[in-house]
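Just so it is clear, none of the values below were taken in a lab; they were calculated from the coordinates. Keep in mind the model is a prediction, meaning the values are calculated, not measured. Glycine gets a Cβ as well: all are built from the backbone with ideal geometry, and neighbour counts include every protein chain shown.
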Amino acid sequence: MKLVVLAGVSATAILLTLTGLATAQSSGEVRTLRGADVQQVLPADDIHRQLEGRMSRNYRQQPPLVPHSIDQYQIDMRNNQCLACHDWTNAGERGAPTLSMTHYQDREGNQLDQIPGTRWFCNACHVPQANAPDLVRNIFQPSTGN
């Protein structure tokens, strides 16, 4: 009895596999999602480009957008490459904006000479500015400065 059931299940599996292969072969040629051959070089769209210059802020206390690429920047537990230019000790000679003094305060409000861990990961608030479409509908209107 068990042998008959096992043979029936095996035959059904083989039949389904062969049917699937036949269907796949007859479905036509494979097309790519990008609409071109794999070897063909396509130009990148212009919508996701880094913008030059600084963008204005939309509201008070908005973290400034980063006006340059940070693709190769190392920001981890030991290193923060942003501080090479933006730390108060380097900003003047590098011509970069200095970090706000609030970035040098710990949780209790004590002034420090170094960035505390609560402000170490810059890209938690500051993101590179880019000309990219909204991912979701956005009806936000910038403040008028009043």
**OP:** Tell me, please, whether a residue that is more than 23 Å from the chain's Cα centre (by Cα) and exposed (fewer than 10 other Cβ atoms within 10 Å of the Cβ) can be found in region 73-89.
**Re:** no
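Just give me the residues in region 86-101 being touching a residue at least 12 places away in the same chain (Cβ under 8 Å) and of a type in the set (Ser, Thr, Tyr), in sequence order.
Step one: of region 86-101, the residues touching a residue at least 12 places away in the same chain (Cβ under 8 Å) are 86-88, 97-99.
Scanning region 86-101 gives a single hit, THR98.
Could you go through region 119-133 and let me know if any residue there is of a type in the set (Val, Ile, Thr) and outside any loop (DSSP other than H, G, I, E, B). Let's see the steps before the verdict.
Kept after step one, since they are of a type in the set (Val, Ile, Thr), are these residues of region 119-133: 127.
Within this subset, residues satisfying the condition of being outside any loop (DSSP other than H, G, I, E, B) are none.
No, there is no match, as no residue in region 119-133 is of a type in the set (Val, Ile, Thr) and outside any loop (DSSP other than H, G, I, E, B).
Residue-wise test of (1) more than 26 Å from ALA132 (Cα to Cα); (2) part of a helix (DSSP H, G or I).
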| residue | (1), (2) |
| --- | --- |
| ALA13 | yes, yes |
| THR17 | yes, yes |
| ARG54 | no, no |
| GLN62 | no, no |
| GLN72 | no, no |
| GLY92 | yes, yes |
| GLU108 | yes, no |
